[in-house]
1. Take the residues in the range 77-112 that are of a type in the set (S, T, N, Q) and out of contact with any Ser or Thr (no Cβ under 6 Å at 6 or more places or on another chain); name whichever of them is farthest from VAL61 (Cα to Cα).
2. When the range 104-121 is examined, which residues are found to be exposed (fewer than 15 other Cβ atoms within 10 Å of the Cβ) and modelled with pLDDT of 95 or more?
Amino acid sequence: MITFEKTDGPSGSTRSTGSVYEDMAVRYLQKLGWRILERNFRSRSGEIDIIAADGRSIVFVEVKFRKSNSSGTPLEAVSLYKQRRISNTALFYLYYARIPEERPCRFDVIGIDGSERITHIKDAFYACI
């Protein structure tokens, strides 16, 4: 597990708080050598926090932050409903970006807790359409 320091404190809104932790996740992925393709990609189906290239693989990354685990860990916050929305948005992205069908893809989740510890789960779930 890797810990990063925040560069800006959240201003209180959910969106600005999310941006701070998404920035942390991007820096973490870049340190792994990943190339960031998109951030906050939106479609009618939903939003994907980060789309990146890990070697040949296209990776759709959901970032979750929880100040405490009192209502569950950040990783537990990616419900089946959220997985479906991400899956549908990923399908749209693949079409939109004209990614060939044979290109490997996966869904990862990055959880960041109140101590700013990053937990990265590769292949956290499979497309559920």
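1. SER79
2. PRO104
The values are calculated or read from the model by the stated rules, or taken from the named source; none is laboratory data. Small disclaimer: the values here were computed from a predicted structure and weren't measured. Cβ: placed from backbone, ideal geometry, glycine included. Neighbour counts: every protein chain shown.
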